[in-house]
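K.L.:
First, the structure itself, so that you have it in front of you.
The values are calculated or read from the model by the stated rules, or taken from the named source; none is laboratory data. As the structure is a computational prediction, the values presented were derived from the model and not from experiment. Positions of Cβ are generated from backbone atoms using ideal geometry, with glycine treated the same way; all protein chains shown enter the neighbour counts. Note: areas computed on protein heavy atoms with side chains; ligands, DNA, RNA excluded. Shrake-Rupley method; radii C 1.70, N 1.55, O 1.52, S 1.80 Å.
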Amino acid sequence: MALELRKAYWDDPESRSAFKNFMRNIHGLDFTDWEAAGYWDDDYMPFSYFEGDRIIASVCLYFLDVVIDGQQMRTVQISGVGTLPEWRCRGLNRRLTEAALEWAEGKHTGIFLFSDTEAIPFYSKCGFTPIDEYVEMCDAPACAGCQSAVKLDPAKPADRDRIFALASRRTAVSDRFGVLNPKLLMFHALYMLPNDIYAIPDLGCIVFYRRTADRLMIFDIIGERMPLLKDLYPCISHQNDRYLEFHFHTDKLGLTNTSFEMLAGNNPFVRGVFSNSRPVFPFTFRA
C-alpha cells in the first residue's frame, strides 16, 4: 500500500484518532485529557505518513509566542518525531522534516528542537546549530518562611481553569527568553508537573516547583507581574533547601549572583534568533 502524506488534519476525527494512537505507541503520551480540556489547537501542526488508516511516521511543528531579548516574536519547535519500528531506517522522518521546514519557511523568526543522539548528524545537515543548555543556580537565601503556598490539582476543573486563566494573562517569566503559550503550559500542568503546582495568593502568582533533598527546582512562575525572589522564596521555602535551581532565566527575580549549570542529554539544536550565550530553555517551553 502506498504511503500518503497528510498535514493539518485535526478537523478529520479519524486522522486525529490515528495520531493519538501513534503518540501513545511511540512516546507513551495520551493526549485525551489535553484534548478534552480544549487545549489542543492548530498551533500544533502535524506532518504524517499514513498507511491506510494508521500513521507509520510523523513530525510535528508547534508554533510558539516567545519573548527573546525583550522582543516578542513567533518561533516554532519540532516535536512528536517518530516512526513505527518496522518502518525505520527508510528516510521517512527526514522527508517529513524537510516537508515541515519547507512549509514553515517565512512563518517564524526561529526554530528549535531537542534531538535523539542518532538524529544529530541529520539535523546538522539541515542547517541547525547544536548548542549547550543550562539552568541557573543560587544558594538558598536565609529567610523566615511563611509557607503560604496552596497546592493546586489540575485534575480538578476549578484549579485547572485557575491555572489557564492566569497563564492567558501572564507576563513572560524572562525578558531574555520567555514563553507566552498558555495551552502548551497546560500540557505540562496535566502531564509533566501535575503534582508540582502551587498558588501564592499574596503575590498573585502560580509557581511550578519540585523539591529534592537539598535543592528546590523552580520550573516556571505564572503571573501578570513577576515577583522578586526575596518576596517569593519565603512562601515556598524549606529548612533543608541549600540550592535553588531555575529552569528559566532569572533576570526578573532581582538576583545579582547566580551561576550556570550545564544540562546534558537533551541535544538542543537551533536555527534563527536563539542566542548561543548560555541559554536557559524555559522548561514549560518544550513541546
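K.L.:
If I ask for residues that are open to solvent by less than 40 Å² (accessible area, probe 1.4 Å) and charged (D, E, K, R), which ones from the stretch 186-222 would you list?
P.N.:
Those that are open to solvent by less than 40 Å² (accessible area, probe 1.4 Å) and charged (D, E, K, R): ASP196, ASP220.
K.L.:
Follow-up. Output the residues belonging to the stretch 236-279 that are farther than 15 Å from CYS138 by Cα and in contact with a helix residue (DSSP H, G or I) (Cβ under 7 Å, 6 or more places away or on another chain).
P.N.:
Listed by number, the residues that qualify are ASN267, PHE269.
K.L.:
If you go through the stretch 131-160 one residue at a time, how many are more than 24 Å from the chain's Cα centre (by Cα) and open to solvent by less than 70 Å² (accessible area, probe 1.4 Å)? Break it down into steps so the answer makes sense when it comes.
P.N.:
Going residue by residue through the stretch 131-160, those that are more than 24 Å from the chain's Cα centre (by Cα) are 139-148.
Going one step further and asking which of them are open to solvent by less than 70 Å² (accessible area, probe 1.4 Å), we end up with 140-141, 143, 145, 148.
Number of matching residues: 5.
K.L.:
Right, something else. Sort out which residues of the stretch 176-205 are charged (D, E, K, R) and closer than 28 Å to GLY145 by Cα, and write them in order of number.
P.N.:
ASP196, ASP202
K.L.:
I've got another one for you. Which of (1) closer than 28 Å to ASP161 by Cα; (2) open to solvent by 20 Å² or more (accessible area, probe 1.4 Å); (3) modelled with pLDDT under 95 is the odd one out, the single condition ASN21 does not satisfy?
P.N.:
Among (1) closer than 28 Å to ASP161 by Cα; (2) open to solvent by 20 Å² or more (accessible area, probe 1.4 Å); (3) modelled with pLDDT under 95, the lone unmet condition for ASN21 is (3).
K.L.:
Just to check your reading of the model, which residue among PHE164, PHE128 is in contact with a Lys or Arg (Cβ under 9 Å, 6 or more places away or on another chain) and open to solvent by 30 Å² or more (accessible area, probe 1.4 Å)?
P.N.:
PHE164
K.L.:
Right, here's the next one. Being surrounded by fewer than 20 Cβ atoms within 10 Å (Cβ to Cβ), farther than 15 Å from PRO46 by Cβ and not acidic (Asp, Glu) is true for just one of THR75, THR109. Which residue is that?
P.N.:
Result of the check over THR75, THR109: THR109.
K.L.:
Quick one: is ARG90 in contact with a Phe, Trp or Tyr (Cβ under 7 Å, 6 or more places away or on another chain), without any contact (Cβ under 8 Å) to a residue 12 or more places away in the chain and over 28 Å from ARG170 (Cα atoms)?
P.N.:
So ARG90 does not fit the description; no.
K.L.:
Taking ILE56, is it open to solvent by less than 30 Å² (accessible area, probe 1.4 Å) and more than 26 Å from LEU3 (Cα to Cα)?
P.N.:
Numbers: open to solvent by less than 30 Å² (accessible area, probe 1.4 Å): yes; more than 26 Å from LEU3 (Cα to Cα): no.
So ILE56 does not fit the description; no.
K.L.:
Which one of these is without any contact (Cβ under 8 Å) to a residue 40 or more places away in the chain, within 30 Å of ASP42 (Cβ to Cβ) and not hydroxyl-bearing (Ser, Thr, Tyr): ASP231, ASP214, ASP220, ASP196? Lay out the reasoning, then the answer.
P.N.:
Values: ASP231 fails: within 30 Å of ASP42 (Cβ to Cβ); ASP214 fails: within 30 Å of ASP42 (Cβ to Cβ); ASP220 fails: without any contact (Cβ under 8 Å) to a residue 40 or more places away in the chain.
From the options ASP231, ASP214, ASP220, ASP196, the qualifying one is ASP196.
K.L.:
Still on this structure: Mind listing just one residue for me: the one in the stretch 112-123 that is open to solvent by 40 Å² or more (accessible area, probe 1.4 Å) and touching a residue at least 60 places away in the same chain (Cβ under 8 Å) and, of those, nearest to the chain's Cα centre (by Cα)? Full working, then the answer.
P.N.:
As a first pass, look at the stretch 112-123 and keep what is open to solvent by 40 Å² or more (accessible area, probe 1.4 Å): 114, 116-118, 120-122.
With touching a residue at least 60 places away in the same chain (Cβ under 8 Å) added as a condition, the list becomes 114, 116-117, 120.
Values: PHE114: 11, ASP116: 16, THR117: 20, ILE120: 20 Å.
Filtering first and then ranking leaves PHE114.
K.L.:
Limited to the stretch 223-245, what total is found for residues that are assigned to a strand (DSSP E or B) and either of a type in the set (D, E, K, R) or surrounded by fewer than 21 Cβ atoms within 10 Å (Cβ to Cβ) (or both)?
P.N.:
First, pick out the residues of the stretch 223-245 that are assigned to a strand (DSSP E or B): 223, 243-245.
Applying the additional criterion that residues be either of a type in the set (D, E, K, R) or surrounded by fewer than 21 Cβ atoms within 10 Å (Cβ to Cβ) (or both) yields 223, 243, 245.
The number of residues fulfilling the criteria is 3.
Here is a yes/no grid of residues against (1) surrounded by 15 or more Cβ atoms within 10 Å (Cβ to Cβ); (2) at pLDDT 95 or above; (3) part of a loop (DSSP other than H, G, I, E, B); (4) touching a Gly at 6+ places or on another chain (Cβ under 9 Å):
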{"position": "LEU253", "(1), (2), (3), (4)": "yes, yes, yes, no"}
{"position": "ASN257", "(1), (2), (3), (4)": "no, no, yes, no"}
{"position": "MET262", "(1), (2), (3), (4)": "no, no, no, no"}
{"position": "ASN266", "(1), (2), (3), (4)": "no, no, yes, no"}
{"position": "PHE269", "(1), (2), (3), (4)": "yes, no, no, no"}
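K.L.:
Okay, moving on. Would you pick out the residues in the stretch 99-123 that are part of a helix (DSSP H, G or I) and aromatic (Phe, Trp, Tyr)?
P.N.:
TRP103, PHE122, TYR123 - these are the residues of the stretch 99-123 that are part of a helix (DSSP H, G or I) and aromatic (Phe, Trp, Tyr).
K.L.:
Hey, another quick one. GLY70: under 30 Å from ASP175 (Cα atoms), without any contact (Cβ under 8 Å) to a residue 12 or more places away in the chain and loosely packed, with under 15 Cβ neighbours inside 10 Å, yes or no? Can you show your working first?
P.N.:
Numbers: under 30 Å from ASP175 (Cα atoms): yes; without any contact (Cβ under 8 Å) to a residue 12 or more places away in the chain: no; loosely packed, with under 15 Cβ neighbours inside 10 Å: yes.
No.
K.L.:
Another question, if that's okay. Filtering the stretch 16-59 down to residues that are over 29 Å from SER168 (Cα atoms) and among the hydroxyl-bearing types (Ser, Thr, Tyr), which residue is farthest from the chain's Cα centre (by Cα)?
P.N.:
TYR49
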